[in-house]
1. Scan segment 1-32 residue by residue and report those that are open to solvent by less than 50 Å² (accessible area, probe 1.4 Å), part of a loop (DSSP other than H, G, I, E, B) and either closer than 22 Å to Asp230 by Cβ or modelled with pLDDT under 90 (or both).
2. Taking segment 223-235 as the search range and keeping residues that are in a helix (DSSP H, G or I) and free of Cβ contacts under 8 Å to residues at least 60 places away in the same chain, which one is least open to solvent (accessible area, probe 1.4 Å)?
3. Starting from residues that are within 26 Å of the chain's Cα centre (by Cα) and among the acidic types (Asp, Glu), keep the ones in segment 172-222 and report whichever is surrounded by the most Cβ atoms within 10 Å (Cβ to Cβ).
4. So, in segment 74-89, how many residues would count as being touching a residue at least 12 places away in the same chain (Cβ under 8 Å) and either open to solvent by 50 Å² or more (accessible area, probe 1.4 Å) or under 17 Å from the mean Cα position of the chain (by Cα) (or both)?
5. Looking at segment 158-171 only, could you name the residues that are open to solvent by less than 70 Å² (accessible area, probe 1.4 Å), in contact with a helix residue (DSSP H, G or I) (Cβ under 6 Å, 6 or more places away or on another chain) and assigned to a helix (DSSP H, G or I)?
6. So, in segment 131-151, how many residues would count as being surrounded by 14 or more Cβ atoms within 10 Å (Cβ to Cβ), assigned to a helix (DSSP H, G or I) and without any contact (Cβ under 8 Å) to a residue 60 or more places away in the chain?
7. Going through segment 114-130 one residue at a time, which ones are surrounded by fewer than 12 Cβ atoms within 10 Å (Cβ to Cβ) and either among the small types (Gly, Ala, Ser) or in contact with a strand residue (DSSP E or B) (Cβ under 8 Å, 6 or more places away or on another chain) (or both)?
Amino acid sequence: MAQDHTFDVLHNYQKKLGAAALWDVATETGEIASAVLVPTTKTKHFAHAAQQLARRQRFQPKAMHSDTYPNESGFWPLLFDNIEGRLGLFHYIQRITRTMHQKHVDYNPALSALLDTVYSYNSDDYEGVIQALKKGCLGKRIHTNDDIAELRRSKLFQQCYGKYIRKTIQPAQTMVQMLDDWFIRFKVTASDGARPAQGRLDPRTCTSLFKPEAKTAVEECKKKAKYLTDPLPLKQMYLTVPANPNLKH
């Protein structure tokens, strides 16, 4: 299960209801298991809805992902036995990307490199996608090595082919080291005694890739890396969706 608070949907509700957010829970299939309006984001205001959810006989999650974990980490074991809590991957990455200038010339390469610091692709799945691209099975076009390299440097690769490849979250200390190397690779200035910065200013705007708050965000993410690892073995983290029998590949 994944639980968090969302705010955009409040535009569909009357203000006199006094709602500050909508607390929701999604299942591994993407379906919404619970959604309630709450006056604040405090645990006490969604605790009753969470208790009602826990009473469903067929709702027995093994892992819980949240955008604020490890906050409230002591609450969920009271409802579900042996549940593993984790920080949501999307929210973890977003904490860094929102401190980056999206129009910077190095934004897409930096984003691709950032994802590589957080998780790695399953080698068998990745090999299958590369073979399919080169044979022209995924679409009508036959991709060359250069085409695939260009795709990997953009967000299109993850958007188009990510669903075919399982991701393995990096071990915590490996992630911390790789995040440190990644930040040095793209930052422009470095303090005395630190490793030299390897980044560059955007030649069009003369701005750096990172906003002033980027260093703080990276340091906080390094502290939270231990809460991001997969809570279950890889085979249990994914559901296999069989291909449509009418497909030609």
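The values are calculated or read from the model by the stated rules, or taken from the named source; none is laboratory data. Values in this document were obtained by computation on a predicted structure and should not be read as measured data. Glycine gets a Cβ as well: all are built from the backbone with ideal geometry, and neighbour counts include every protein chain shown. Note: accessible area is taken over every heavy atom of the protein model, side chains too, but ligands, DNA and RNA are not part of it. Shrake-Rupley method; radii C 1.70, N 1.55, O 1.52, S 1.80 Å.
1. Once the filter is applied, which keeps residues that are open to solvent by less than 50 Å² (accessible area, probe 1.4 Å), part of a loop (DSSP other than H, G, I, E, B) and either closer than 22 Å to Asp230 by Cβ or modelled with pLDDT under 90 (or both), segment 1-32 yields Met1, Thr27.
2. Keep residues of segment 223-235 that are in a helix (DSSP H, G or I), which gives 223-227, 234-235.
Among the residues that remain, those that are also free of Cβ contacts under 8 Å to residues at least 60 places away in the same chain are: 223, 225-226, 235.
Details: Lys223: 127, Ala225: 1, Lys226: 122, Lys235: 179 Å².
Per the criteria, the residue is Ala225.
3. Asp180
4. At the first step, the residues of segment 74-89 found to be touching a residue at least 12 places away in the same chain (Cβ under 8 Å) are 75-76, 79-80, 82-89.
Keeping just the survivors that are either open to solvent by 50 Å² or more (accessible area, probe 1.4 Å) or under 17 Å from the mean Cα position of the chain (by Cα) (or both) gives 82, 84-89.
Residues meeting the conditions: 7.
5. Selection gives Tyr161 alone.
6. Initially, segment 131-151 is screened for residues surrounded by 14 or more Cβ atoms within 10 Å (Cβ to Cβ), giving 132-134, 137-138, 143, 148, 151.
Applying the additional criterion that residues be assigned to a helix (DSSP H, G or I) yields 132-134, 148, 151.
Subset that is without any contact (Cβ under 8 Å) to a residue 60 or more places away in the chain: 133-134, 148, 151.
The number of residues fulfilling the criteria is 4.
7. Step one: list which residues in segment 114-130 are surrounded by fewer than 12 Cβ atoms within 10 Å (Cβ to Cβ), which gives 123-124.
Once the filter is applied, which keeps residues that are surrounded by fewer than 12 Cβ atoms within 10 Å (Cβ to Cβ) and either among the small types (Gly, Ala, Ser) or in contact with a strand residue (DSSP E or B) (Cβ under 8 Å, 6 or more places away or on another chain) (or both), segment 114-130 yields only Ser123.
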